[in-house]
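Q: The structure under discussion is supplied below as structure tokens; questions concerning it will follow.
The values are calculated or read from the model by the stated rules, or taken from the named source; none is laboratory data. Note that the structure is a prediction, hence the values are computed from the model and not measured. Methodologically, a virtual Cβ is constructed for each residue, glycine included, from the backbone with ideal geometry; neighbour enumeration extends over all protein chains shown.
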Amino acid sequence: MRKKLIFLFLLVFTAISFSKTHKVRAGDNLEIISRKYNISVSQLMVRNQLPSSNIKQGELLDVGGDGYHIVVYGESLSKIARRYNLTPAKLIDLNNLRGRTIHPGQKLKVKSTSKTTKKVAREAPEKSIAYNGHNYFSIKEFVDKETYQRFGAKSVWFIDKNLIAQMNQLRELFGRRITINTWANGGRFQWRGFRTPDSPVYTKYSSHSFGRAVDFDVEGLSAPQARKQIIQWYREGILTSKSINLEVEVNWVHLDIRNGEGLRTFRP
């Protein structure tokens with residue numbers, strides 16, 4: 001009997017050590033509990049093997065906190081990564097995955113160390129554009145040399161913040177370097193973002209002229225490969241922008257965002 005009690009104590013202690021629990025109180029429901037512990041309702045149900053959303057007062061629920069996520073039907077690697085403030089590449093690395101394919105019921109490690117977080121922060125470009133918590137691009141990558149020399153950090157005023165957010169997300173999703181303007185590093189590109197009338201390729205009503213378009217390359221991918229992936233992410237509902245326009249049959253990726261919703265491809 002004593003051995004049995006010791007075993008039960010160790011079992012409970014182990015569960016508490018690695019995962020938080022919540023004792024259901026009067027008035028509780030899964031939605032309330034999920035908000036309290038920042039866990040999805042689907043995660044609550046799969047962790048506790050609940051056949052429905054009905055719970056009873058006094059019931060002890062596993063509410064996560066153990067550094068793992070159990071994949072449920074309909075989830076993608078990108079969606080899970082966003083929930084835990086990770087990049088898809090980091091999630092793949094944490095779990096030694098060979099690709100982006102995951103399956104319902106699969107247990108994924110989602111806890112990143114503070115050491116890794118510090119490393120990412122050091123790699124962020126100095127004087128970068130910050131939006132939605134991400135800092136992947138320098139202001140100089142979005143504007144030409146003359147605009148930056150005249151306005152400095154205030155050059156960000158000429159760029160649509162939704163475009164900045166979308167480019168930051170794409171940098172995370174691809175997990176690869178994205179190249180826009182390169183003039184600041186001695187490169188030849190300076191008109192791939194915002195364009196003034198001084199640009200040799202300026203047109204009055206181009207999205208570039210309104211700071212709503214960029215041309216870029218994705219390291220290690222051809223333009224058609226990158227476009228194909230962006231289209232897939234859009235159709236999966238992953239991208240932050242509701243309106244995406246992609247130019248096809250060119251050797252770079254042209255992306256612009258406009259009002260409204262929908263995905264549109266067009267030729268030069």
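Q: Among all residue pairs at least 6 apart or on different chains, which show Cβ distances below 9 Å where the first residue, located in the range 66-79, is under 9 Å from Val110 (Cα atoms) and the second is part of a strand (DSSP E or B)?
A: Gly67/Lys109; Tyr68/Lys107; Tyr68/Leu108; Tyr68/Lys109; His69/Lys107; His69/Leu108; His69/Lys109
Q: If the requirement is being in contact with a Phe, Trp or Tyr (Cβ under 9 Å, 6 or more places away or on another chain), under 24 Å from Lys79 (Cβ atoms), of a type in the set (Asp, Glu) and touching a residue at least 24 places away in the same chain (Cβ under 8 Å), which of these qualifies: Glu172, Glu236?
A: Values: Glu236 fails: in contact with a Phe, Trp or Tyr (Cβ under 9 Å, 6 or more places away or on another chain).
Of the residues listed, the single one that is in contact with a Phe, Trp or Tyr (Cβ under 9 Å, 6 or more places away or on another chain), under 24 Å from Lys79 (Cβ atoms), of a type in the set (Asp, Glu) and touching a residue at least 24 places away in the same chain (Cβ under 8 Å) is Glu172.
Q: Mind telling me which of the residues Leu8, Leu30 ends up being at pLDDT 85 or above and surrounded by 10 or more Cβ atoms within 10 Å (Cβ to Cβ)?
A: Exactly one of Leu8, Leu30 is at pLDDT 85 or above and surrounded by 10 or more Cβ atoms within 10 Å (Cβ to Cβ), namely Leu30.
Q: Still on this model: Could you please let me know if Gly152 is exposed (fewer than 13 other Cβ atoms within 10 Å of the Cβ), farther than 26 Å from Ser76 by Cα and without any contact (Cβ under 8 Å) to a residue 40 or more places away in the chain?
A: yes
Q: Now a separate question. Just for helices (runs of 4 or more DSSP H) wholly inside the range 109-181: which have at least 3 residues that are in contact with an Asp or Glu (Cβ under 9 Å, 6 or more places away or on another chain), at pLDDT below 85 and in the same structural domain as Ser199 (by TED's automatic domain parsing)?
A: Fully inside the range 109-181 and qualifying: nothing.
Q: With the requirement that a residue be without any contact (Cβ under 8 Å) to a residue 40 or more places away in the chain, among the small types (Gly, Ala, Ser) and farther than 16 Å from Arg258 by Cβ, what does the range 175-223 give you?
A: Gly186, Gly187, Ser222, Ala223 - these are the residues of the range 175-223 that are without any contact (Cβ under 8 Å) to a residue 40 or more places away in the chain, among the small types (Gly, Ala, Ser) and farther than 16 Å from Arg258 by Cβ.
Q: The conditions are (1) out of contact with any strand residue (DSSP E or B) (no Cβ under 9 Å at 6 or more places or on another chain); (2) modelled with pLDDT of 85 or more; (3) buried (at least 18 other Cβ atoms within 10 Å of the Cβ), and Asn96 fails exactly one of them. Which is it?
A: Of (1) out of contact with any strand residue (DSSP E or B) (no Cβ under 9 Å at 6 or more places or on another chain); (2) modelled with pLDDT of 85 or more; (3) buried (at least 18 other Cβ atoms within 10 Å of the Cβ), only one is false for Asn96: (3).
Q: Specify the residue that is farthest from the chain's Cα centre (by Cα); the eligible residues are those in the range 193-222 that are under 14 Å from Ile159 (Cβ atoms) and part of a loop (DSSP other than H, G, I, E, B).
A: Within the range 193-222, the match that is farthest from the chain's Cα centre (by Cα) is Thr196.
Q: From Gln190, Gln232, Gln166, Gln225, which residue is surrounded by 15 or more Cβ atoms within 10 Å (Cβ to Cβ), of a type in the set (S, T, N, Q) and either closer than 30 Å to Asp93 by Cα or within 18 Å of the chain's Cα centre (by Cα) (or both)?
A: Gln166
Q: Report the residue count in the range 56-69 for those that are over 19 Å from the mean Cα position of the chain (by Cα) and surrounded by fewer than 18 Cβ atoms within 10 Å (Cβ to Cβ). I'd like the intermediate steps shown before the answer.
A: Of the residues in the range 56-69, the ones over 19 Å from the mean Cα position of the chain (by Cα) are 56-66.
Narrowing the set further to residues that are surrounded by fewer than 18 Cβ atoms within 10 Å (Cβ to Cβ) leaves 56-60, 65-66.
Summing the residues that are over 19 Å from the mean Cα position of the chain (by Cα) and surrounded by fewer than 18 Cβ atoms within 10 Å (Cβ to Cβ) in the range 56-69 gives 7.
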